[in-house]
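The values are calculated or read from the model by the stated rules, or taken from the named source; none is laboratory data. Computed from a predicted structure; not experimentally measured. Backbone-built Cβ (ideal geometry, glycine too); neighbour counts: all protein chains shown.
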């Protein structure tokens, strides 16, 4: 892996971090989403700021305080997040995509409340379309910049994470499981495009965040 700014590294970098879920609205009051709390991404942003880096945090809908020294941009949908991350990444050295972005969205958002039940029907269908893949879209043109993705898997996690690492052109992928969505602690495996594998067992999210920022600093120092 070619480290960011390898020829003449600056004392501080600029890291973009995404965090939390996205919401894909069906109508003005209903939406598709997931259980992501955003705590991992906020911990990463806080650790990066404490290490002296410039940090832009792109946050989905979460009720968390902004870490000190972090510029926060709030978004709602996957397309909102893509636009914000793309813009911030233009001037950044690294992207850490810890957000749990919805893979699908309703084909259209209804202007008024969805009232299928008023007709007495016992079932309904929702037409979905695929959301943009933010990690793959931005990693495609990353150049020498560092890109770290997250993979939450429920089965055959290691195999799927390795495939994601290659498919999305990331430098590292952090593999975790659903227990990480709302927990204060997690066990993760950090897979590198260079073939490396590091396991962090039952660590706080703050400890995992420090490890990831340490990895970024190590890459910049090479």
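Pick out, from the stretch 95-160, the strands (runs of 3 or more DSSP E) lying fully within it that include 3 or more residues that are more than 30 Å from residue 221 (Cβ to Cβ). Give the derivation first.
Details: elements: 104-106, 128-130, 146-152.
The qualifying strands (runs of 3 or more DSSP E) are 104-106, 128-130.
Applying the selection to the stretch 146-169, what residues are surrounded by 15 or more Cβ atoms within 10 Å (Cβ to Cβ) and either within 14 Å of residue 212 (Cα to Cα) or out of contact with any helix residue (DSSP H, G or I) (no Cβ under 8 Å at 6 or more places or on another chain) (or both)?
Selection gives 146, 147, 148, 149, 150, 157, 160, 161, 162, 164, 165.
For the stretch 64-78, what are the residues that are within 22 Å of residue 27 (Cα to Cα) and either surrounded by fewer than 16 Cβ atoms within 10 Å (Cβ to Cβ) or at pLDDT below 95 (or both)?
Start the filter on the stretch 64-78 by keeping residues that are within 22 Å of residue 27 (Cα to Cα), which leaves 74-78.
Hit for the stretch 64-78 is 74, nothing else.
Inside the stretch 169-202, can you point out the residues that are assigned to a loop (DSSP other than H, G, I, E, B), more than 17 Å from residue 41 (Cβ to Cβ) and in contact (Cβ under 8 Å) with a residue 60 or more places away in the chain?
Within the stretch 169-202, 171, 193, 194 meet the criteria.
Residues are listed down the side, and each one gets a yes or a no for (1) under 18 Å from the mean Cα position of the chain (by Cα); (2) crowded, with 24+ Cβ neighbours inside 10 Å; (3) at pLDDT below 95; (4) under 17 Å from residue 219 (Cα atoms):
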{"residue": "15", "(1), (2), (3), (4)": "yes, yes, no, yes"}
{"residue": "20", "(1), (2), (3), (4)": "yes, yes, no, no"}
{"residue": "24", "(1), (2), (3), (4)": "yes, no, no, no"}
{"residue": "29", "(1), (2), (3), (4)": "no, no, yes, no"}
{"residue": "44", "(1), (2), (3), (4)": "yes, yes, no, yes"}
{"residue": "47", "(1), (2), (3), (4)": "yes, yes, no, yes"}
{"residue": "51", "(1), (2), (3), (4)": "no, no, no, yes"}
{"residue": "56", "(1), (2), (3), (4)": "yes, no, no, no"}
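Here is a check on your reading of the model: is residue 103 under 29 Å from residue 181 (Cα atoms) and surrounded by 10 or more Cβ atoms within 10 Å (Cβ to Cβ)?
Details: under 29 Å from residue 181 (Cα atoms): yes; surrounded by 10 or more Cβ atoms within 10 Å (Cβ to Cβ): yes.
It is true that residue 103 is under 29 Å from residue 181 (Cα atoms) and surrounded by 10 or more Cβ atoms within 10 Å (Cβ to Cβ).
From 107, 130, 115, grab the single residue that is under 24 Å from residue 169 (Cα atoms), out of contact with any helix residue (DSSP H, G or I) (no Cβ under 9 Å at 6 or more places or on another chain) and without any contact (Cβ under 8 Å) to a residue 60 or more places away in the chain.
Values: 107 fails: under 24 Å from residue 169 (Cα atoms); 115 fails: under 24 Å from residue 169 (Cα atoms).
One residue alone meets the criteria, 130.
Would it be correct to say that residue 83 is under 17 Å from the mean Cα position of the chain (by Cα), at pLDDT 95 or above and crowded, with 24+ Cβ neighbours inside 10 Å?
Numbers: under 17 Å from the mean Cα position of the chain (by Cα): yes; at pLDDT 95 or above: yes; crowded, with 24+ Cβ neighbours inside 10 Å: no.
Criteria not met by residue 83.
Have a look at 124, 180, 184, 136 and point out the one that is modelled with pLDDT under 90, over 22 Å from residue 35 (Cβ atoms) and touching a helix residue (DSSP H, G or I) at 6+ places or on another chain (Cβ under 9 Å).
Values: 180 fails: over 22 Å from residue 35 (Cβ atoms); 184 fails: over 22 Å from residue 35 (Cβ atoms); 136 fails: modelled with pLDDT under 90.
Going through 124, 180, 184, 136 in turn, the sole match is 124.
So, residue 165, is that one in contact with a strand residue (DSSP E or B) (Cβ under 7 Å, 6 or more places away or on another chain), at pLDDT 90 or above and not in a strand (DSSP E or B) or not? Steps first, please.
Values: in contact with a strand residue (DSSP E or B) (Cβ under 7 Å, 6 or more places away or on another chain): yes; at pLDDT 90 or above: yes; not in a strand (DSSP E or B): yes.
The answer is yes for residue 165.
Counting just the residues of the stretch 80-94 that are without any contact (Cβ under 8 Å) to a residue 40 or more places away in the chain and assigned to a helix (DSSP H, G or I), which one comes out farthest from residue 152 (Cα to Cα)? Can you show your working first?
The initial filter retains those residues of the stretch 80-94 that are without any contact (Cβ under 8 Å) to a residue 40 or more places away in the chain, namely 83-84, 87, 90.
Then keep just the ones that are assigned to a helix (DSSP H, G or I); that gives 83-84, 87.
Working: 83: 23, 84: 23, 87: 26 Å.
Per the stated criteria, the residue is 87.
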